[in-house]
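First comes the structure, then the notes that go with it.
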Amino acid sequence: MERIYMLERAAGARAAKQARGLPTGRPAKLNATTRAGAAQRIKEGAIPEQVAAELGVSRSTLYRELRKHRESTSREQVS
């Protein structure tokens, strides 16, 4: 029973945040500036595993954040 109530409260909180225009879910590990810096370092020849270790994230997180960076820069170029 408590599980059902917990899920209802979580759904209500999510809906309230969306209604206010706030982001939902877990915050991103890297911000846009850090993503751009990591992309630049890899472009210059740095090893992705090393960049990820220096940023304190896993390699898969780094690749996910780099994909976000590519998508945001491609959107800016189209606009």
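The values are calculated or read from the model by the stated rules, or taken from the named source; none is laboratory data. Model, not experiment: these values are computed from the prediction. For neighbour counting, all protein chains shown are included, and Cβ atoms are generated from backbone atoms with ideal geometry for every residue, glycine included.
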Among residues of segment 27-62, those that are exposed (fewer than 15 other Cβ atoms within 10 Å of the Cβ) and under 29 Å from ARG14 (Cβ atoms), counted: 8
Failed condition for ARG9, given (1) within 16 Å of the chain's Cα centre (by Cα); (2) of a type outside the set (Asp, Glu); (3) loosely packed, with under 11 Cβ neighbours inside 10 Å; (4) at pLDDT 95 or above: (1)
First in segment 16-44 and over 19 Å from LEU66 (Cβ atoms), second anywhere and exposed (fewer than 11 other Cβ atoms within 10 Å of the Cβ), Cβ under 8 Å, 6 or more apart: LYS17/PRO23; LYS17/THR24; GLN18/THR24
